[in-house]
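Each remark here refers to the structure printed beneath this line.
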Amino acid sequence: MFLWLIPILPFLGFLINGLFGRRMPKSMVNLFAIGSVTLSFLWAVKTLVGLSPLETKYIEHYFTWIQSGALNISIDFAIDRLTAVMLMVVTGVGLLIHIYSIGYMADEDGYYRFFAYLNLFMFFMLVLVLAQNFLVLFVGWEGVGLCSYLLIGYYFLERFATNAGNKAFIVNRIGDFGFSLAIFLVVRQFGSLDFTKVFDAAKPMPTETSAGILTTICLLLLVGAAGKSAQIPLYVWLPDAMAGPTPVSALIHAATMVTAGVYMTARSATLFTHAPIAMDTVAVIGLATAFFAATIGLAQTDIKKVFAYSTVSQLGYMFLGAGVGAFSAGIFHLMTHAFFKALLFLGAGAVIHGLHGEQDLRQMGGLFKHMRITAITLLCASIAISGFPFTSGFFSKDAILVAAYERAPWMYWVGVLTAGMTAFYVFRAWFLAFTGEYRGHAHPHESPLVMIGPLMLLAVLSIFGGFINVPHWLEPMFGERPENQTLAWLSAGVGVIGIATAYLFYVARPGMADGFAKAMNGLYTLVYNKYFVDEIYDAAVVTPVVKGSRIFLWRGIDAGLIDGIVNGFGSRSRGVGNILKLLQSGNIRSYAAWVVLGSVLLLLAIGFGGATR
Amino acid sequence: MTALIFFLFASIAVFCGISLVTQTHPIASALSLIGVMGSLAILYLQLGGEFIAAAQVIVYAGAIMVLFVFVIMLLNAGAEGTSLQMSNFAKYAGIFVLAAFLGLISFVIQAMLPKTEGVVFGAFQGGTALNIGRKLFTTYLLPFEVTSVLILIAILGAMVLARREI
Amino acid sequence: MPTSVPVSWYLILSAILFGLGVAGFIYRRNIITVFMSIELMLNAVNLTFITFSYTLKQVDGHIFSFFVMVVAAAEAAVGLAIILTVFKNRETLMIDDVSSMKY
């Protein structure tokens, strides 16, 4: 079936654009970039059609990578139903974003470099999704982290962009450390990293009621997922990652890379279900992140930051779903979130593009008459994310919340409150941008078709995508999920209340928001400054490490000790040489005297050495 | 008879040696050296080394020392200021130390070699040109050839060093 | 006076001559005189070779002595050529004045 073609085609696009793109005209760069992703998407579709109905996993074995003692790791790609969902999301949404980028990045320097990195990202993400063992997944995991760094720091001449790229990579790295430890423990426990072997070995193991090996593995996997998918406490990189171009935010930080953690958790479901303590930790962290990020999103003024915190919040929902055992619901929400979050970001990008770079919501307003299509598509995304009845977000979010109620009712109520806040801040952004009077100074205009087209397609998917019954499709893997109509309609109702509240604050009575902010000044400042988390991390972790390295490791050990030893050798040799040079007096008679002295010593040595009797 | 000749020429050799070391003018030293070589040739003869005695006189005293004398005359080397730059104390103490050292050496050598043996003129007949030639061209052929190359190098070296710079 | 001379006395004579050579080598300042002291040392060694050749009743000592003579000749030739060159450049025969190789 040639599964390897799916990732390799974007990789070829990366090579061609990366090596030769500088000298190629834009049309050729587009051809290779878009063409490779399109071919990859079509090949994925063909493979899935050929493999349907995919009752069992289809594995292709390529070659052995590491053979060391009893450990045998090979490069395998596999497709099962979970991979199929991920493949469609990654290639499909990826393709739409590639097309959109043609218009968005048209005036940027280094056009070819953007598409090269984007193709490289697609390659690594597809490797991650198709992987059949933990190590190949980790390769893809690291690779997408690398591409995220490259793309966040795309405007590398700006200091804040490169800092953001560094932050993303370093915080990811902390998560990767946890993931590496988990991999080591898996090898130690199961002797292999292959998914089939590990999960078959884990199935008969008893469910752990206290901390055991499986709990440890799952908690470490959670650390890795928290880094990649921006959960507490490693979410701090994602808002800063908005320094990159908007298509990057849409693709990597909304639809695909950040979902890698959820995918990995769903893939390791067998391990997690045997470790309830870890599952509860996942659920609690997911819920806390969802609530926490939503509160921050209420007060942000940069449109991309609002959506960034929204992403963090929705990822928390996905982890909540995984943590309460509703893995299929988590994956379902992953898919619908890809649709409407990508649309939100791309729409925001269209707005920013139309305003020639303005991102502050306070400088927007009344844009509806200038960018009708953008506004309508963003409206579709907003009602989807709010869980408006029968939109995609309604089905996916409620699958999660119902499962949460089954686990613990208080989780359900917190989730519903968060859903209300989600609806509020999304519509706050929409109203501030598109209604009222225009408060800025630019000349807003609609974006070209190449950008509008993907927006429209994603809008359709956001509204009607909920009818793709992913949980049913994933039933053979994760089991049936309960349904509860009352709870579903209740959360939808809360969503509508959120929309109405936003309407009240920003359209009906515009001054109310400012009044509230002044009334709760302390709380507002706290939320507006993201609870000062970045500042706390800086003071508690970053500054001590930097100072320690600079003073102790650099000046103390490297310059002082190591350089001192090496230089010491040199000066010691010079000192010895200074003493030995005194022999060279230039006086021939002293040389003669030394010769005689040497011969006398030699004679003494021979005489007393026993050469004579 | 053997003893008389030995003592006579031994004392001549030692006397010439002391004169070589203490004379101021180089020519006097050169002539002393010729004296040493001559007496040593007699002593070789006594020990049965007739070929070596002849070679000593012809090569050493006859060629090398002539070369020395030529060079001294060429350089017009005059007498040194003071031949031995030492204080009086060092001079006399040095003689005493030297005598003591030599006495010690003599004692050691006497103790090592059996005293019954005495030198008899004619006891060793192997030092003829025939024997030397036989040994030289069979066992010691390689050193012989190498030495000839050595002489060649010395000739070339001397010519290069002594030519006039143009 | 004994009629025959012990062999060891030849060796003692050789030692005396060698010691005189060493003394001249260290204490004289004229280059040519130093050179002649070296020749004296070589002669002393030749006497030792011949003496032992007599003692062991073999002719090998004579051959060693022969080689010593040849090498001394070569050395004298080259050494005197060097002395000539030094004299041409430095106008002096005192070895204390030829000390520009000081560190």
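The numbers here are math on the coordinates, done by the rules we state, and not lab data. Note that the structure is predicted; figures quoted are calculated from it, not measured. Cβ: placed from backbone, ideal geometry, glycine included. Neighbour counts: every protein chain shown.
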* Euclidean distance between Cα centres, region A:235-293 to region C:50-72, Å -> 99 Å
* Asked: With the contact rule set at Cα under 8 Å and sequence spacing of 6 or more, what percent relative contact order holds for region A:274-428?
  -> 28 percent
* Structure fact -> Which residues qualify? For B:Val119, with a placed amide H closer than 5 Å and at least 5 residues away or on another chain, they are C:Val5, C:Val7
* Cross-link table A:Lys305/A:Lys341; A:Lys304/A:Lys341; A:Lys228/A:Lys305; A:Lys57/A:Lys197; A:Lys46/A:Lys197, entries beyond 23 Å C-alpha to C-alpha -> A:Lys46/A:Lys197
* Structure fact -> Among GluC sites (Glu not before Pro) in region A:466-542, those in a DSSP loop whose Cβ has at most 16 other Cβ atoms within 10 Å are A:Glu480, A:Glu483
* Partner chain Cβ atoms within 10 Å, averaged over the residues of B:120-129 - can you pull that number for me? => 4
* Structure fact -> Once phi for every residue in region C:55-70 is put through the Karplus expression 6.51 cos²θ - 1.76 cosθ + 1.60 (θ = phi - 60°), the whole-Hz ³J(HN,Hα) values, with Gly and Pro written as x, are 5, 8, 6, 10, 9, 5, x, 4, 5, 4, 4, 4, 5, 4, 5, 4
* Compute the distribution of all C-alpha to C-alpha distances in the protein assembly as shown, in bins of 20 Å from 0, and list the percent of pairs in each, rounded to whole numbers. => 12, 30, 12, 5, 16, 18, 5, 0
* If you average the sequence gap of Cα pairs under 8 Å that are 6 or more apart and divide by the length of chain A, what percent do you get for the contact order? -> 11 percent
* For all pairs of alpha-carbon atoms in region A:257-382, what percent lies in each bin of width 5 Å, listed from the first bin to the last filled one? -> 2, 11, 18, 19, 15, 11, 9, 7, 4, 2, 1, 0
* Across peptide B:137-143, how many C-beta atoms of other chains are within 10 Å of each residue C-beta, on average? -> 2
* Rounded to the nearest 10 degrees, what's the angle between the helix A:588-606 long axis and the longest principal axis of chain A, both from Cα atoms, 0 to 90? => 90 degrees
* Asked: What's log10 of I(q)/I(0) for region A:384-423 at q = 0.17, 0.19, 0.23, 0.36 Å⁻¹, Debye sum over Cα points only, no solvent?
  -> -0.39, -0.48, -0.68, -1.12
* Structure fact -> As straight-line cross-link partners of A:Lys518, the qualifying aspartates and glutamates (C-alpha separation under 14 Å, not fewer than 8 residues apart within one chain) are none
* Cα-derived Rg to Rh of region A:5-528, Kirkwood definition -> 0.96
* List the lysines whose alpha-carbon lies under 22 Å from that of A:Lys581, not counting same-chain residues fewer than 8 positions away? -> C:Lys102
* Ranked highest first by the average count of other Cβ atoms within 10 Å around their residues, in what order do A:153-163, A:105-115 fall? -> A:105-115, A:153-163
* Structure fact -> Diffing region A:445-462: the Karplus 3J(HN,Hα) column from phi (6.51, -1.76, 1.60, θ = phi - 60°), in whole Hz with x for Gly and Pro, holds 8, 6, 8, x, 4, 4, 8, 6, x, x, 4, 5, 5, 5, 5, 4, 5, 5
* What is the distance in Å between the Cα centres of region A:535-613 and region B:1-76? -> 53 Å
* Asked: According to the Cα gyration tensor, what semi-axes, each the square root of 5 times an eigenvalue, does the equivalent ellipsoid of chain C have, listed from largest to smallest in whole Å?
  -> 35, 16, 9
* **Centroid-to-centroid separation of region B:107-166 and region A:361-394 [C-alpha atoms, Å]** => 115 Å
* Asked: Magnitude of the Cβ-charge dipole of region A:484-595, K/R +1 and D/E -1, about the Cα centre, nearest 20 debye?
  -> 740 debye
* Could you list which residues have their amide H under 5 Å from that of A:Asp302, counting only those 5 or more apart in sequence or on another chain, with H placed in the peptide plane? => A:Leu361
* Among all the lysines, which ones have a C-alpha under 21 Å from B:Lys135's C-alpha, if same-chain residues fewer than 8 places away are not counted? -> C:Lys57
* To do: Please get the size of the charge dipole for region A:5-528, origin at its Cα centre, with Cβ charges of +1 on Lys and Arg and -1 on Asp and Glu, quoted in debye to the nearest 20.
  => 620 debye
* Asked: Angle between the Cα long axis of helix A:81-104 and the longest principal axis of chain A, 0 to 90 degrees, nearest 10?
  -> 90 degrees
* Asked: Dipole of the protein assembly as shown, Cα-centred, from +1 at each Lys and Arg C-beta and -1 at each Asp and Glu C-beta, to the nearest 20 debye?
  -> 1200 debye
* Structure fact -> Calculated from DSSP helices alone, with each H run of at least 4 adding -39500 (n - 2.57) and the total divided by the residues of chain A, [θ]222 nm to the nearest 500 comes to -22500 deg cm²/dmol
* Once you average over the residues of A:577-583, how many Cβ atoms of partner chains fall within 10 Å of each Cβ? -> 1
* Can you find, among A:Tyr528, A:Thr38, A:Ala288, the residue farthest towards the positive end of the dipole of chain A? Put +1 on the C-beta of Lys and Arg, -1 on that of Asp and Glu. => A:Tyr528
* To do: Please give the calculated 222 nm ellipticity per residue for chain B, where each DSSP H segment of at least 4 residues contributes -39500 (n - 2.57) and the sum is spread over every residue; nearest 500 deg cm²/dmol?
  => -23500 deg cm²/dmol
* **Per principal axis, descending, Cα span of region A:535-611 in whole Å** => 81, 36, 8
* Semi-axes, largest first, in whole Å: what does sqrt of 5 times each Cα gyration tensor eigenvalue give for chain B? -> 31, 30, 15
* Structure fact -> Among trypsin sites (Lys or Arg not before Pro) in region A:183-251, those in a DSSP loop whose Cβ has at most 13 other Cβ atoms within 10 Å are none
* Structure fact -> Gyration tensor (Cα only) of region A:506-573 to equivalent ellipsoid, semi-axes in Å sorted down, yields 57, 9, 6
* Among the trypsin sites (Lys or Arg not before Pro) in region C:1-61, which ones are in a DSSP loop with at most 13 other Cβ atoms within 10 Å of the Cβ? Mind listing them? => C:Lys57
